[in-house]
Amino acid sequence: MSYPWRAASRGSLLLVALAVGGLLSAGCGTQEGTLDTGPNTQVQGQTTLRKAIPSSLPAPLTSSEAATNTSIEVADPTLDAILRRALEQERYSEATYRNILRTFGSRNPFLAITESEVQHGRTLEALGARYGQDIGATDVLGEPAPKTMTLACQLAAKVETETISLYDGLLLRVTSYPEVTREFQNLRAASANSHLTAFQSCAEGDLGINGGPPQ
């Protein structure tokens, strides 16, 4: 015995199943589409982000540029003039004492102090190189030798007094350079505590030249 309503029910159920299946199929298609386009969307987003980075950012330094920037200080034209002036004075002193040595022979205190002046000049040249300053071309003529050794000692004492005064003024202008300040103080001390006192003693007759009386 057949029941028509059961056939109708099966038809209805089949239609419902087909409809549900279609919906599920459509939903899966949408999901697969999203998964397929996801990476593309991500790449596009990264590309947009890279384009948004400002193009004005400074380029990184090369290794040679970095080494140059850390090896020396930035050149300062004012410091250049100060170092040159100090070197001029030291070479002026050296040239003056050499003129005296050529006239009177190898006598102390001029012989020892002349060698000291040479070292002072080298110290200033090295200091200039440390700060990117080329001051080694400085060449100065000294004073001609006086007629007597006593006058030569007086002249040398005057030169050292001028050197001390010069460093007093230059030290006020290099306070922002601790290394320069230290070297200038050392050079001033050599003039004040060693050179000047030796020449003053020579000029006053307390120090004979090569063991003999002042001339």
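Within region 139-171, which residues are in a helix (DSSP H, G or I), over 32 Å from the mean Cα position of the chain (by Cα) and aliphatic (A, V, I, L, M)?
Met149, Leu151, Ala152, Leu155, Ala156, Ala157, Val159
Here is a list: Asn193, Asn186. Which entry is in a helix (DSSP H, G or I), under 27 Å from Asp76 (Cα atoms) and more than 21 Å from the chain's Cα centre (by Cα)?
Step by step, each of Asn193, Asn186 is checked, and only Asn186 is in a helix (DSSP H, G or I), under 27 Å from Asp76 (Cα atoms) and more than 21 Å from the chain's Cα centre (by Cα).
Sort out which residues of region 125-180 are touching a residue at least 12 places away in the same chain (Cβ under 8 Å), of a type in the set (A, V, I, L, M) and within 30 Å of Phe104 (Cβ to Cβ), and write them in order of number.
Val140, Leu141, Ala145, Met149, Ala152, Leu155, Ala156, Ala157, Val159, Ile164, Leu166
Any residue in region 92-106 that is under 9 Å from Glu143 (Cα atoms) sitting within a Cβ distance under 8 Å of a residue that is crowded, with 16+ Cβ neighbours inside 10 Å and of a type in the set (Val, Ile, Thr)? List the pairs, counting only those 6 or more apart or interchain.
Filtered contacts from region 92-106: Tyr92/Val159; Ser93/Val159; Ser93/Thr163; Thr96/Val159; Tyr97/Ile113; Tyr97/Thr114.
Say whether the condition of being modelled with pLDDT under 95 and crowded, with 19+ Cβ neighbours inside 10 Å is met by at least one residue in region 182-194.
The answer is no, given that none of the residues of region 182-194 is modelled with pLDDT under 95 and crowded, with 19+ Cβ neighbours inside 10 Å.
If I filter region 148-176 down to residues being of a type in the set (Val, Ile, Thr) and within 19 Å of Ala95 (Cα to Cα), which single residue comes out as surrounded by the most Cβ atoms within 10 Å (Cβ to Cβ)?
Selected residue: Thr163.
Would a scan of region 116-135 turn up a residue that is at pLDDT below 95 and either of a type in the set (Val, Ile, Thr) or more than 32 Å from the chain's Cα centre (by Cα) (or both)?
Yes, because at least one residue in region 116-135 is at pLDDT below 95 and either of a type in the set (Val, Ile, Thr) or more than 32 Å from the chain's Cα centre (by Cα) (or both).
Do you know which of the residues in region 84-110 that are of a type in the set (A, V, I, L, M) and over 37 Å from the mean Cα position of the chain (by Cα) is surrounded by the most Cβ atoms within 10 Å (Cβ to Cβ)?
Among residues in region 84-110 that are of a type in the set (A, V, I, L, M) and over 37 Å from the mean Cα position of the chain (by Cα), the one surrounded by the most Cβ atoms within 10 Å (Cβ to Cβ) is Ile100.
The values are calculated or read from the model by the stated rules, or taken from the named source; none is laboratory data. What you are looking at is a predicted structure, and each value in this text was computed from that prediction instead of being measured. Quick reminder, even Gly has a Cβ in these numbers, built from the backbone with ideal geometry, and neighbours come from all protein chains shown.
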